[in-house]
1. Classify the chain: rounded, prolate or oblate, from the alpha-carbon gyration tensor (a ≥ b ≥ c, eigenvalue square roots; a/c under 1.5 rounded; otherwise prolate if a/b is larger than b/c)?
2. Tabulate in residue order the Karplus-calculated ³J(HN,Hα) for the range 14-30, using 6.51 cos²θ - 1.76 cosθ + 1.60 with θ = phi - 60°, rounded to whole Hz; enter x for Gly and Pro.
3. For the range 137-148, what does the Karplus curve 6.51 cos²θ - 1.76 cosθ + 1.60, with θ = phi - 60°, yield as ³J(HN,Hα) per residue in whole Hz, taken in order and with x for Gly and Pro?
4. So, taking all protein chains as they sit and a 1.4 Å probe, how much accessible area belongs to Phe143, in Å² rounded to tens?
5. With a ≥ b ≥ c the root eigenvalues of the C-alpha gyration tensor of the range 143-258, is it rounded (a/c under 1.5), prolate (a/b larger than b/c) or oblate?
6. Report, by chain and number, residues whose modeled amide H sits under 5 Å from the one on Phe136, excluding near sequence neighbours (fewer than 5 apart, same chain).
7. Counting only heavy atoms of protein chains, what accessible area per residue, in Å², does the range 176-256 have with a probe of 1.4 Å?
8. Could you list which residues have their amide H under 5 Å from that of Ala28, counting only those 5 or more apart in sequence or on another chain, with H placed in the peptide plane?
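The values are calculated or read from the model by the stated rules, or taken from the named source; none is laboratory data. The structure presented is a predicted model; accordingly, all values stated were derived computationally and were not measured. All Cβ positions, glycine included, derive from the backbone under ideal geometry; neighbour counts span all protein chains shown. Just the protein is used for accessible areas: all its heavy atoms, side chains included, with ligands, DNA and RNA removed. Shrake-Rupley method; radii C 1.70, N 1.55, O 1.52, S 1.80 Å.
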Amino acid sequence: MSTNNLNISAIPAYDDNYIWLITNGGKACAVVDPGDEDPVLEVLKKHGLSLKYILLTHHHPDHTGGVADLLDQYDAKVFGPDDNRIRQVHQLCREGDHIELPELDAQFSVLEVPAHTRSHIAFYGEGMLFPGDTLFSVGCGRFFEGTADDMQSSLDKLASLPGETSVYCAHEYTQANCRFAMEVEPQNKALQERTRQVAALRQAGRNTLPTTLGAELACNPFMRTRDDAVVQAARKIDPSALPGASTMAIIRAWKDRF
Ligand code: ZN
Ligand code: FE
């Protein structure tokens with residue numbers, strides 16, 4: 001049983017990455033997608049934390065670049081996808097696996113969510129989702145190694161989780177995503193409200209995460225590709241748009257040019 005005392009905080013890295021730090025009131029901690037070791041080491045030292053676990057969602061350097069140097073200093077267990085482009089994974093994670101983080105009294109299940117990369121995974125548990133670069137607030141990752149069908153299936157999988165799930169995305173892209181989403185669905189009240197909220201948060205120098213899956217289902221055009229307003233917007237770009245993956249493909253291509 002989890003004590004559910006998990007505390008999550010953002011370690012900013014590069015221009016707009018977040019490395020999520022998970023603690024449980026003690027010295028043990030985990031990080032998700034440490035693309036850079038320096039900001040992580042700074043936080044660990046400042047708070048006297050001991051890194052026990054590293055969770056990796058995909059192979060991109062801005063998510064994995066700090067792993068080797070962190071392992072030089074900490075005896076941490078690394079969980080990640082089955083992909084030979086990531087070295088140093090101690091426990092390969094596949095769909096449906098349950099991973100145990102006993103020092104944090106936490107467990108997560110693994111979801112395979114390909115499209116941004118072919119081996120991309122997400123971690124779900126304790127009321128939280130770490131979707132890497134698959135799902136952003138009001139957006140989604142680019143389809144570097146997958147198709148619109150893949151992203152539709154991956155986001156459908158995430159959409160099936162409870163709406164109150166807190167979503168810890170790996171980048172601060174929310175404000176730019178809102179600008180695009182307002183082009184797609186200008187009449188969406190929840191999106192209008194999220195856009196105002198995000199502007200105020202960014203103005204105050206704060207991050208816009210976590211979001212919730214329920215909020216994303218209400219605001220995020222990539223999670224709304226079967227919604228009539230989003231399909232109609234896609235039809236203005238390509239009259240052949242159909243609900244689902246077809247609309248996904250059209251709005252992703254639209255955003256890539258936006
Ligand atoms: Zn990425
Ligand atoms: Fe990234």
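1. Working: a/c = 1.96, a/b = 1.65, b/c = 1.19.
It comes out prolate by the Cα gyration axes.
2. After applying 6.51 cos²θ - 1.76 cosθ + 1.60, I find 6, 7, 8, 7, 10, 9, 8, 9, 10, 10, 9, x, x, 8, 6, 8, 10 Hz.
3. Values per residue, Gly and Pro as x: 5, 6, x, 8, x, 6, 8, 6, 10, x, 10, 4 Hz.
4. Taking all protein chains as shown, Phe143 has close to 50 Å².
5. Working: a/c = 1.70, a/b = 1.38, b/c = 1.24.
In terms of gyration-tensor shape, prolate.
6. Those lying under 5 Å, H to H, from Phe136 are Gly141.
7. Numbers: 3830 Å² over 81 residues.
Each residue of the range 176-256 exposes 47 Å² on average to a 1.4 Å probe.
8. So Ala28 has HN proximity to Ser50.
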